[in-house]
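S.K.: I am attaching a structure below and will ask some questions about it afterwards.
The values are calculated or read from the model by the stated rules, or taken from the named source; none is laboratory data. Quick caveat, the model's predicted, so the values are computed rather than measured. As a convention, Cβ positions derive from the backbone with ideal geometry for all residues, glycine included, and neighbour counts pool all protein chains shown.
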C-alpha cells in the first residue's frame, strides 16, 4: 500500500519568512541563504528533496526576493518555480494556497528551510515516503522524538496513536513526545475549504484533519537541528562538522 512508488515528484519549499530571530545574519540576506557549514539552508533542503526523487520545487519568496531568485537560478538538478509573495507574506497555509496552480493536483512534499538532520541511517524523506498511504492519509508529517534534536521549544507538539494518527497540542499541561520537523507529504485538496487568497496558517487545517482521522505522522531516526537563530546555527555547524 505504501512506499517509494507513491513518492512525490514535486515539493513546496516555504522560504518566504522574514527570519527575524536569525538577525543580524538576516539584516542583508534572507534566512534561506544563511550558510550552515558552508552551504545555504535552501540548498541543503533542495539537496534532500532531489535525493528523494523530487523533480520540481516551488519556492515562495518575499524577503530579499531578488537574492533568492538569483541564487535559485543557478541550480540545474531540478526545475524550480517561484511563487512570488513580494506584495504580501501569506503564512504557511496562504503560501501553499497561492502556489497551488504551480504544484498540481497530486500529493507533494512540503518543506521548511530551517530544518536539518544528521546521523540518519535511513534518509528521513525515505521514512516519510515509505509511510505515506494516500488511501488513509491526507497529510503525513515527519516527526522527531523529544530529546532527538536541537530546537524543540515549548510545549507545542504532537501525540501519536498506535496507527500513526496525530493529535496536536499546545497545552502546557501535556508533555508532547513528538515535534513536527517541518517536512511532510500533503494532498493539495486539504486546502479546498480554506480561503482562496490572503494570509492564513496551516494549523487550523491540521485540527480539521485530526478530527477526521486523516492527520498522520511518522518519526524519523535522525537527529534534528532546527536552525532558528544564530546560536542554533552554531550548534548545527558544530554537529555537521
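S.K.: Being out of contact with any helix residue (DSSP H, G or I) (no Cβ under 9 Å at 6 or more places or on another chain), exposed (fewer than 14 other Cβ atoms within 10 Å of the Cβ) and either touching a residue at least 12 places away in the same chain (Cβ under 8 Å) or part of a strand (DSSP E or B) (or both) is the filter here, so list the residues in the range 77-110 that pass it.
M.R.: 79 - this is the single residue of the range 77-110 that is out of contact with any helix residue (DSSP H, G or I) (no Cβ under 9 Å at 6 or more places or on another chain), exposed (fewer than 14 other Cβ atoms within 10 Å of the Cβ) and either touching a residue at least 12 places away in the same chain (Cβ under 8 Å) or part of a strand (DSSP E or B) (or both).
S.K.: Moving on. Could you count how many residues in the range 210-230 are surrounded by 20 or more Cβ atoms within 10 Å (Cβ to Cβ) and part of a loop (DSSP other than H, G, I, E, B)?
M.R.: Within the range 210-230, residues that are surrounded by 20 or more Cβ atoms within 10 Å (Cβ to Cβ) and part of a loop (DSSP other than H, G, I, E, B) number 3.
S.K.: Here is a further query. Considering each of 179, 236 in turn, give the residue that is within 21 Å of residue 47 (Cβ to Cβ) and surrounded by 14 or more Cβ atoms within 10 Å (Cβ to Cβ).
M.R.: 236
S.K.: Being in contact (Cβ under 8 Å) with a residue 12 or more places away in the chain, touching a helix residue (DSSP H, G or I) at 6+ places or on another chain (Cβ under 8 Å) and part of a helix (DSSP H, G or I) narrows it down to one of 239, 233, so name that one.
M.R.: Within the list 239, 233, the selection yields 233.
S.K.: Now for a separate question. Name the residue, out of 131, 70, 52, that is more than 19 Å from the chain's Cα centre (by Cα) and either under 20 Å from residue 40 (Cα atoms) or crowded, with 17+ Cβ neighbours inside 10 Å (or both).
M.R.: None of the others qualify; the one that does is 70.
S.K.: When the range 22-48 is examined, which residues are found to be under 25 Å from residue 185 (Cβ atoms) and touching a helix residue (DSSP H, G or I) at 6+ places or on another chain (Cβ under 7 Å)?
M.R.: Of everything in the range 22-48, those that are under 25 Å from residue 185 (Cβ atoms) and touching a helix residue (DSSP H, G or I) at 6+ places or on another chain (Cβ under 7 Å) turn out to be 31, 32, 36, 40, 41, 42, 48.
S.K.: Does residue 116 satisfy the criteria of being modelled with pLDDT of 95 or more and surrounded by 15 or more Cβ atoms within 10 Å (Cβ to Cβ)?
M.R.: no
S.K.: Sticking with this structure for a sec: Please go through the range 146-176 and give me each residue that is over 16 Å from residue 209 (Cβ atoms) and surrounded by 15 or more Cβ atoms within 10 Å (Cβ to Cβ), ordered by number.
M.R.: 148, 149, 150, 151, 152, 156, 157, 176
S.K.: Now a separate question. Taking only the range 11-49 into account, find how many residues are surrounded by fewer than 21 Cβ atoms within 10 Å (Cβ to Cβ), within 14 Å of the chain's Cα centre (by Cα) and over 18 Å from residue 224 (Cα atoms).
M.R.: Of the residues in the range 11-49, 0 are surrounded by fewer than 21 Cβ atoms within 10 Å (Cβ to Cβ), within 14 Å of the chain's Cα centre (by Cα) and over 18 Å from residue 224 (Cα atoms).
S.K.: Please give the number of the condition residue 90 fails out of (1) more than 24 Å from residue 165 (Cβ to Cβ); (2) touching a strand residue (DSSP E or B) at 6+ places or on another chain (Cβ under 7 Å).
M.R.: So residue 90 meets the others, but not (2).
S.K.: Only residues that are out of contact with any strand residue (DSSP E or B) (no Cβ under 6 Å at 6 or more places or on another chain) and surrounded by 17 or more Cβ atoms within 10 Å (Cβ to Cβ): list them for the range 191-209, please.
M.R.: Passing the criteria: 191, 194, 200, 202, 205.
S.K.: While we're on this one: Residue check: is residue 172 closer than 22 Å to residue 116 by Cα and assigned to a loop (DSSP other than H, G, I, E, B)?
M.R.: no
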